[in-house]
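The values are calculated or read from the model by the stated rules, or taken from the named source; none is laboratory data. Note that the coordinates shown come from a computational prediction; the quantities given were computed from them, not determined experimentally. A quick note on method: Cβ atoms are made from the backbone with ideal geometry, for glycine too, and the neighbour counts reach across all protein chains shown. Protein only, heavy atoms only, side chains kept; ligands, DNA and RNA dropped before computing areas. Shrake-Rupley method; radii C 1.70, N 1.55, O 1.52, S 1.80 Å.
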Amino acid sequence: MDKHGILEMTAMRYEADRPQASHPVKIQDLSFRDGHQSLFATRGRTEDLLHVAELMDQVGYYSMEVWGGATFDTMHRYLGEDPWQRIRTLKKYISKTPFSMLLRGQNLVGYQNYADDIVEAFVQRACDNGIDIFRVFDALNDFRNFQTAVKIILKNGKHFQGTICYSLTEQRMGGEIYNTAYYVDKAKQLEEMGANSVCIKDMAGLVAPYDAYNLVKALKAAVKIPVHLHTHFTSGMGDLALFKAIEAGVDIIDTCLGPYAYRTSHPAVEPLVISLLGTNRDTGFDIKLLNKISKEMERDIPKYTQFADNTKYGIIDTDVIIHQTPGGMLSNLVNQLRQMDNLDRLDDVFAEIPKVRKELGQIPLVTPTSQIVGIQAVNNALFDTKDGEYARITEQVKDLCYGLYGKTTLPIDPEVQAKALKGYPRGETPITCRPGDVIEPGLPKVEEETRGLAKDLDDQLTVALYNLTGKKFLKIKYGLEPMPEDMKPTSLEEVKAREELVKKALAGKLVEKSETPAPDKPEGLRQFDIFIGDEYFMVEVAEKGEAPRVVKRAPAPAPVAHTAAPAPAPAPAPKPAAVEAPKTAPVASGEGTPIPSPMPGMFVKYEVQVGDSVQVGQTVLVLEAMKMYNNIPSPVKGTVVATPFSSGDTVAKGDALIVIKAD
């Protein structure tokens, strides 16, 4: 009873400075990156992370994951923050704990494979800015996509953590594809590549406790480098899986502080710290310090709850065993469907995900393949008129079918591949070589495009990864454009004010304001005091025609202590702030057929110009949604008469994107 795997019971000690255990499990914290990415669509701001940064440095973590993944995209696109600056800022407050980042191999922190020169420059700048540990993965587990990045990591003497994406084809590990032998073979390949440690990256919380135990045992027997387990709580098995992995001898595990844990995020650190007291795997952490940090974190959580998935009350999602959607992808998927007014179609999308995944080669679901499969599943669920139609194929699905992401686990469905590659610009025959070998160098073009805008290599790399949004961000960063209101941080005072409005609305104390614009207020208005029960209104009235007759001049009495409802004739609405607003196409009545946007997103480009003739089904423009490029087809045969949008414009659902006059 005193031994469980390699875990042994020892004398129970509670003090913060208790003697170190003989085989303590090491812990990496994910609160600053994957925690808020999984729960709050990566909206965590640097200013809020700084509230606990120095305390986090005192805990004794093996490392802290602070960068990579979706942070780079979200920071520059939605938060108006420079991603590179976050590393430098956090380093000022966290000096003892190594920094880790999640690097998507040749994808870097984007959603496509980039040219080798961009990969080399990006990884070098990440080293220079302060990243110590690089968790490198490839969504297809195609390690050819590691080669360029790893060369720079090892050259700088940094830690290369070779990562294997955990996936299943059944409800438990096994079967003909994702079995123990598959993962052991991949781990050996990584050790041969020079990995300093190997990580099993379970993006969706799929690993069951006994599978975790057996897998860790097998890996420890097969490789000499440390073994690290990363899992999510999505299915409810995360805590149990970590415990069995600890008993099996795992070297490092990932957790979050309580406020950023559970649901689609990760197991919390606090229960593990208490549970491992009195064992040879005791973390050595001070539970009182962790509690102090958690309470401080709680103060800022209300700023982010608007991004949480509140579609159900339960904190686990057993559907994940079927649809295998990672936490970060799940929160983004819910956000996207909510913006499209199609949240009620979430179950339809979940039903489509395993079908799309199988047809695209039974690939693991992790960024960017989770987005590729996810948005294609959305398109199929919302726009297909028959099963397997693939009426709207994203550019990224086409790239995957061509081989630009690497080798898929199983062959792609030939019929889907043929549909995707019809008219594909690089050719209709897929490649089999390393994707980086066919991608042209990218930095010279970026240097030319950003001349006069980018001030250093970090700026250039931001544009290299995110061309449209990167340029837009740099203009905001250097004061060439104002920061949009929705980029600015939300204060706790604003959160409280919003909560008060909700309370008033529920209590029936708010009256819906008329959307009819008021005319300009004339001079010489009459003022009337109106009392309805215990409510008071001061109403101003203008006479039509002749000049008004003023019957009494007196200041309006002070209102009683009740919330005054808006006056029936409000003052003219103030002019909106000078921020960018989405453009809409002109009303096309009598001129042609407007094509409305099927989803919110960002306008990328037109494939046709005014005056061009188009056929039914021909792609006329490209719209970015959920980080994927969507080709929008023409519903009619005719001539283009209006193209009102510009690259980088924000698009709302229903906006008229283009107008075509039918023949």
Looking at the range 233-246 only, could you name the residues that are touching a residue at least 60 places away in the same chain (Cβ under 8 Å) and open to solvent by less than 10 Å² (accessible area, probe 1.4 Å)?
Thr234, Ile246
Restricting attention to the range 196-226, report how many residues are surrounded by 24 or more Cβ atoms within 10 Å (Cβ to Cβ) and either in contact (Cβ under 8 Å) with a residue 40 or more places away in the chain or among the acidic types (Asp, Glu) (or both).
8
Answer with yes or no whether Thr429 is among the hydroxyl-bearing types (Ser, Thr, Tyr) and either within 21 Å of Asp73 (Cα to Cα) or within 25 Å of the chain's Cα centre (by Cα) (or both).
no
Hits in the range 23-48 - residues which are in a helix (DSSP H, G or I), open to solvent by 10 Å² or more (accessible area, probe 1.4 Å) and closer than 22 Å to Ile253 by Cβ
Gln37, Leu39
Give Ile353, Ile322, Ile363 a once-over and let me know the one that is over 17 Å from Ala41 (Cα atoms) and either free of Cβ contacts under 8 Å to residues at least 12 places away in the same chain or open to solvent by 40 Å² or more (accessible area, probe 1.4 Å) (or both).
Ile322
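Among what's in the range 474-520 and is farther than 18 Å from Gln306 by Cβ and outside any loop (DSSP other than H, G, I, E, B), pick the residue that is farthest from the chain's Cα centre (by Cα).
From the range 474-520, those farther than 18 Å from Gln306 by Cβ are 474-483, 504, 507-520; that's our starting set.
Checking the rest, the ones that are also outside any loop (DSSP other than H, G, I, E, B) come to 474-477, 504.
Values: Leu474: 21, Lys475: 23, Ile476: 21, Lys477: 22, Lys504: 33 Å.
Looking at the filtered set, the residue picked out is Lys504.
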Please work out which one of (1) closer than 19 Å to His230 by Cβ; (2) of a type outside the set (S, T, N, Q); (3) not in a strand (DSSP E or B) is the condition Val123 fails and give its number.
(1)
Quick test of your reading of the structure: Ile375 fulfils all but one of (1) at pLDDT below 95; (2) of a type outside the set (Ser, Thr, Tyr); (3) over 17 Å from the mean Cα position of the chain (by Cα); (4) open to solvent by less than 20 Å² (accessible area, probe 1.4 Å). Name the failing condition by number.
(3)
Test Asn141 against the criterion of being crowded, with 18+ Cβ neighbours inside 10 Å, touching an Asp or Glu at 6+ places or on another chain (Cβ under 8 Å) and touching a residue at least 12 places away in the same chain (Cβ under 8 Å), and give yes or no.
no
First in the range 470-489 and more than 17 Å from Arg43 (Cα to Cα), second anywhere and loosely packed, with under 13 Cβ neighbours inside 10 Å and among the small types (Gly, Ala, Ser), Cβ under 6 Å, 6 or more apart
Pro482/Ala578
Which residue, of Leu365, Leu400, Leu333, is over 18 Å from the mean Cα position of the chain (by Cα) and either at pLDDT below 90 or at negative phi (or both)?
Leu400
If I go through the range 159-183 residue by residue, how many of them are assigned to a loop (DSSP other than H, G, I, E, B) and open to solvent by 50 Å² or more (accessible area, probe 1.4 Å)?
5
If you go through the range 72-88, how many residues are farther than 20 Å from Gly479 by Cβ, free of Cβ contacts under 8 Å to residues at least 60 places away in the same chain and either out of contact with any helix residue (DSSP H, G or I) (no Cβ under 6 Å at 6 or more places or on another chain) or open to solvent by 70 Å² or more (accessible area, probe 1.4 Å) (or both)?
2
Give me a count of the residues in the range 153-186 that are among the acidic types (Asp, Glu) and over 29 Å from the mean Cα position of the chain (by Cα).
2
Name the single residue that is most open to solvent (accessible area, probe 1.4 Å) among those in the range 283-313 being of a type in the set (Asp, Glu) and either in contact with a Pro (Cβ under 8 Å, 6 or more places away or on another chain) or assigned to a loop (DSSP other than H, G, I, E, B) (or both).
Glu298
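Here is a yes/no grid of residues against (1) among the hydrophobic types (A, V, I, L, M, F, W, C); (2) under 30 Å from Glu494 (Cβ atoms); (3) in contact with a helix residue (DSSP H, G or I) (Cβ under 7 Å, 6 or more places away or on another chain):
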| site | (1), (2), (3) |
| --- | --- |
| Val250 | yes, no, yes |
| Leu257 | yes, yes, yes |
| Tyr262 | no, yes, no |
| Gly278 | no, no, no |
| Gly284 | no, no, no |
| Phe307 | yes, yes, yes |
For the range 456-476, state whether one or more residues are surrounded by fewer than 20 Cβ atoms within 10 Å (Cβ to Cβ), out of contact with any Leu (no Cβ under 9 Å at 6 or more places or on another chain) and of a type in the set (Lys, Arg).
no
Looking at the range 184-195, which of its residues are surrounded by fewer than 21 Cβ atoms within 10 Å (Cβ to Cβ) and assigned to a loop (DSSP other than H, G, I, E, B)?
Gly194
The correct count of residues that are part of a helix (DSSP H, G or I) and either on the phi > 0 side of the Ramachandran plot or open to solvent by less than 20 Å² (accessible area, probe 1.4 Å) (or both) in the range 443-455 is 1
Would you call Val119 crowded, with 18+ Cβ neighbours inside 10 Å and either touching a helix residue (DSSP H, G or I) at 6+ places or on another chain (Cβ under 7 Å) or under 25 Å from Asp399 (Cβ atoms) (or both)?
yes
